[in-house]
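Okay, so here's the structure we're looking at.
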Amino acid sequence: MTAGLDLGRSQTQPIVSDQDVVRVRKLVRTVAVETKLSLVDQTKLVTAASELARNTLVYGGGGEVQVSTVDNGRRKGVRISFSDSGPGIADLDLALTDGYTTGGGLGLGLSGARRLVDEFDIETAVGEGTRVTVTKWSR
């Protein structure tokens, strides 16, 4: 984690159904508003969270999300970490390529989410699962 980073309030929620994906969107929107992100940044963060929550459910077989407020001393932000114990991602470079999909979708999930946030980190191991952590900072 970033040096000097103050982790504020944190909430964890399971992702095991489509309704949980909706709950993640609502939770992220609420925390983004409370953190005073601009409307554009709120929308970007909620969109990225929605994509990542759906990936956690569909490709990871479900998991959980942790939503935290963060403060680096200069500005505040929202950090979201999605984790699952699914099959992991065999070819991460390929999975992060625009247009790549294994599910017949548009292939914008991971690469699109990465473009919508300020910080993007992914850890994955085949047979062990995946953790994606994103952060959006206030402007």
message: Using a Gaussian network model on the chain with a 10 Å cutoff between Cα atoms, which of Val28, Val40, Val67 fluctuates the most?
response: Val40
Distance in nm between pseudo-label sites at Arg115 and Thr47 (7 Å out along the Cβ direction from Cα): 0.9 nm
- request: Rounded to whole Hz and in sequence order, give me ³J(HN,Hα) for the range 122-139 from the Karplus expression 6.51 cos²θ - 1.76 cosθ + 1.60, θ = phi - 60°, writing x for Gly and Pro.
  value: 9, 10, 8, 9, 4, x, 10, x, 9, 10, 10, 10, 10, 9, 10, 9, 5, 9
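Across the range 6-137, how many lysine pairs separated by 8 or more positions, or lying on different chains, have Cα atoms within less than 12 Å? Provide the component values of the computation, followed by the final result.
Details: Lys36/Lys76; Lys36/Lys136; Lys44/Lys136; Lys76/Lys136.
For the range 6-137, qualifying lysine pairs total 4.
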- request: Can you tell me how much longer the chain between Arg29 and Asp71 gets when fully stretched, taken as 0.36 nm per residue apart minus their C-alpha distance, in nm with one decimal?
  value: 13.3 nm
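Express the relative contact order of the range 43-139 as a whole percentage, based on alpha carbon pairs under 8 Å and six or more residues apart in sequence. Don't skip to the end; give the middle numbers.
On the way: 188 pairs, mean separation 32.1, N = 97.
Relative contact order here is 33 percent.
How big is the range 9-139 by the Kirkwood estimate over distinct Cα pairs, in Å? Before the final figure, lay out each step's value.
Values: mean 1/r = 0.0686 Å⁻¹.
Evaluated over the range 9-139, this radius sits at 14.6 Å.
No value in this document is a laboratory result; all are computed from the given coordinates. Quick caveat, the model's predicted, so the values are computed rather than measured. So basically every Cβ, Gly included, is an ideal-geometry build from the backbone, and we count neighbours across all protein chains shown.
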